[in-house]
2 protein chains.
Amino acid sequence: MPPAFPKAEYDARLAKVRAAMAERNLDVYVSGDPNNHNWLTGYDAWSFYTPQIVVVQHDVDPIWIGRKMDAGAAWLTTHMTEDQVRPYPEDCVQQTGTHPMAVAGGYLADMGLDGKRIGFESDVYHLSYKAVASLQAALPNATWVDADLLINWCRAVKSDAEVAVMREAAGIASRVMQKAYDTIEPGLRQCDLVAAILAEQVGGSMNVSGDLTSLPPLILAGEAATTAHPMWTDAPFEAGQTVALELAGAHKRYNAGLARTVQLGGGTQELFDTAKAVEEGLEAVLATMRPGVTAHSVHRAWQDVLDQYGLTKDSRIGYGIGVAYTPDWGEHTISLRPNDETELEPNMTIHVMLGMWMDDWGMEMSETTLVTDDGVECLTNMPRGVYVKG
Amino acid sequence: MPPAFPKAEYDARLAKVRAAMAERNLDVYVSGDPNNHNWLTGYDAWSFYTPQIVVVQHDVDPIWIGRKMDAGAAWLTTHMTEDQVRPYPEDCVQQTGTHPMAVAGGYLADMGLDGKRIGFESDVYHLSYKAVASLQAALPNATWVDADLLINWCRAVKSDAEVAVMREAAGIASRVMQKAYDTIEPGLRQCDLVAAILAEQVGGSMNVSGDLTSLPPLILAGEAATTAHPMWTDAPFEAGQTVALELAGAHKRYNAGLARTVQLGGGTQELFDTAKAVEEGLEAVLATMRPGVTAHSVHRAWQDVLDQYGLTKDSRIGYGIGVAYTPDWGEHTISLRPNDETELEPNMTIHVMLGMWMDDWGMEMSETTLVTDDGVECLTNMPRGVYVKG
């Protein structure tokens, strides 16, 4: 389990982060997001359920601070050297009294960082309110600057090496959707479809193995189709049912999403009309995406089609996607929606996600896309129309 | 997808929480932990990647506040009525500017809660520093009390209905381990073993379907065996390899963990000696566990055996387990370790987890247990010795 990329790749990423820190006049950056840890150092383990941080400075190599029993993962999965890995003891894990991040804060103080200008991530899953407060209490003379998403924005434009991994992930996603098409049928339990999907995501039928995706397979069938993120059940699929499938593939922790809709025989005119409008909207989006175009302009292209058909959708229609652990594969940066002024750049990877959750049914259609030098490429590959089976 | 339990069950849980709030003199409790939301209301969706809270008061029904596109899940999976569900608009999701919890804080203020004594969860995965700060800023006259784990402690003793679900989860875990035993062999890729495990966890071979477990399957083989939470690779298993498997089953979001060790032919005397000591330690633990015994006494029984064999382990040897989403199935309450004064009570469910991560190999042995009226019962069911295959 060597690091996913060579050291030069991580060095380039570190340079990007340091430049972003300099722009914000930050001496230190404390990241609590395992997605950012992986991107910046390669660190890869299911250890983020106890708090861990990566500390970036300008003239010192990044430091990983995490639980003692997980320090081994840092040796195995990163290019870091021994002095870059600072475990905290086991007896402060999930215990009232000393918080692990109070210990980590002590390490930072020992490194002479009290009094510095320290940027931190304020809105991440795996560094809690108490974790941040414990760090801050240990360095009371530091200036703590909310610099959330600083690393996330560095991640928005992928390297060519990352794009290659995204292609593998998208390939898995496409194969997984085909597996779902081949497997789903009236009478099959939802959980049995998910079992087939998971096995295909991870073991795969090819040489490329996969990871669990950051969101689990989402099956929108029956009443659950009216909500966006239901969990599967053991109910059998029914003849005549409309089933939206939001699936994905993941490789080296990089995720590619792919959503499609299956009709198990029959199907209402409303479904097929809506699907036609959505597909036309998707084509308008793809025709608009290219470097220099703003996220809101891309959304506008979608909205224009929707307006023609008298349809409404008030949620965003896409977001940056890439390396991620659970629970979300979105990068929390660019969103395709009104008011997002971000300009597209080559090598951005964006999940264009068109979910229509109606009063008593729903459908989805998505592509994981790569912004190219002069347009956009769909990394996922699957016919877009409603797949009618039976 | 009706709620997992009848309304009376949730009413009883709510009464427990209100009593705990009264003990702390809290008018209001704000929970950001989806595990607690599920336990208290039944709410079940993969929506916790955007912030959501459940607000408990003494004389008003609990309120769910979350993303608009996920409100449907509240109708489907809980007994809550329309006025208990308060969605926030889509345009504040993952966007700089208005934080969803600033909007939620506004809802709380409108409910007249500014000036109240409000307990909150300070150390949970899905309510960030910024989320808590946004809530607090919206109710500046409230007294905000760090009451982390208040609901978690209410969850520690399971109802009989929950125990029945834990039995199903443990049954899945046991079947999954058998599936792993049947499947693993030299030459098989780790990812292919995981594919078989996931399919068995979710689809199952019986009538009971499963969920994804809160931690993924952990495969400790080769160099990765020296660290606690590695991710699987596509490397093939090797003849002579020692492989620790930390697996689980989940049903209705309740998790049961089960770890065992497989030897793919051969095996060192050190392994078998260590396994014998660990099994003896496990038996000592199980012989000690009963209502009224403290967590540290249980740990002492383990330590006494370890001392006899000259072995050391500095991490805890067990923790409360139950309903949980990713990334952790532990309840963050009782831990079997020195200084934990918690007394065991009937219907606690505890994952006794004995992982020995040595310098260049590792082994694991665990059971998910139920504290009974006069002792303990293993819910998981699988011979404990190292499973030698080939």
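Quick note: the coordinates plus some simple rules give every number you see, no bench work behind them. Computed from a predicted structure; not experimentally measured. Cβ placement follows ideal geometry from the backbone for every residue including glycine, while neighbour counts extend to all protein chains displayed.
The table that follows gives values for the structure above.
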item: Computed FRET value (nearest 0.05) for B:Thr96 with A:Asn207, which takes r as the C-beta separation and R₀ as 51 Å; result: 0.80
item: Three-way shape label, chain B, alpha-carbon gyration tensor, a/c 1.5; result: prolate
item: Label-point separation in nm, B:Glu185 to A:Ala8, each point 7 Å along Cα→Cβ; result: 4.3 nm
item: Highest to lowest packing among B:115-121, B:316-322, B:5-11, B:68-74, scored as the average C-beta count within 10 Å; result: B:316-322, B:68-74, B:115-121, B:5-11
item: Rounded to the nearest 20 debye, dipole of segment A:160-388 from Cβ charges on Lys, Arg, Asp, Glu; result: 380 debye
item: For B:213-223, mean number of other protein chain Cβ atoms within 10 Å; result: 2
item: Exam field: A:Thr81 pseudo-label spacings to other copies (7 Å along Cα-Cβ), nanometres; result: 6.7
item: Estimated 222 nm signal from helices in chain B, with DSSP H stretches of n ≥ 4 weighted -39500 (n - 2.57), rounded to 500; result: -10500 deg cm²/dmol
item: Volume per residue that the Cα convex hull of the protein assembly as shown spans, once the total is divided by residue count, Å³; result: 145 Å³
item: Whole-Hz ³J(HN,Hα) from phi, Karplus 6.51 cos²θ - 1.76 cosθ + 1.60, for segment B:273-284, glycine and proline x; result: 5, 5, 4, 5, 5, 5, 5, 5, x, 4, 5, 5
item: Spacing of the two label points (7 Å from each Cα toward its C-beta) at B:Phe272 and A:Leu311, in nm; result: 6.6 nm
item: Expected-Rg normalisation [2.2 N^0.38 Å, Cα atoms] applied to segment B:170-298; result: 1.14
item: Rounded Å value of the spacing that divides the Cα centres of segment B:276-344 and segment B:22-60; result: 29 Å
item: Top of A:Gly222, A:Gly210, A:Gly66 by mean-square fluctuation, Gaussian network on chain A, Cα under 10 Å; result: A:Gly222
item: Residue-count net charge about B:Pro100 - beta-carbon cut-off 12 Å; Lys, Arg +1, Asp, Glu -1; result: 0
item: Vicinal HN-Hα couplings computed from phi for segment A:221-228 (Karplus, 6.51 cos²θ - 1.76 cosθ + 1.60; Hz; Gly/Pro x); result: 9, x, 4, 5, 5, 8, 10, 8
item: DSSP-defined antiparallel bridges as percent of all bridges, segment B:7-155, nearest 5; result: 40 percent
item: Label spacing, shortest first and in nm, from A:Gly115 to its equivalents in the remaining copies (7 angstrom along Cα→Cβ); result: 4.7
item: 21 Å Cα-Cα reach of A:Lys276 towards lysines, excluding residues that sit fewer than 8 places from it in its own chain; result: A:Lys313, A:Lys389
item: Pseudo-label separations to other copies for A:Pro236 - Cα-to-Cβ vector, 7 Å, nm; result: 4.1
item: Fluctuation leader among A:Ala295, A:Ala133, A:Ala324 - chain A, Gaussian network, Cα springs under 10 angstrom; result: A:Ala133
item: Among B:Asp211, B:Asp373, B:Asp148, residue whose mean-square fluctuation peaks in a GNM of chain B (springs only between Cα atoms under 10 Å); result: B:Asp373
item: Label-point separation, A:Ala15 to B:Thr143 (7 Å along Cα→Cβ), nm; result: 5.6 nm
item: Sequence-distant residues sharing a close amide H with A:Ala248 (under 5 Å, placed H); result: A:Leu258
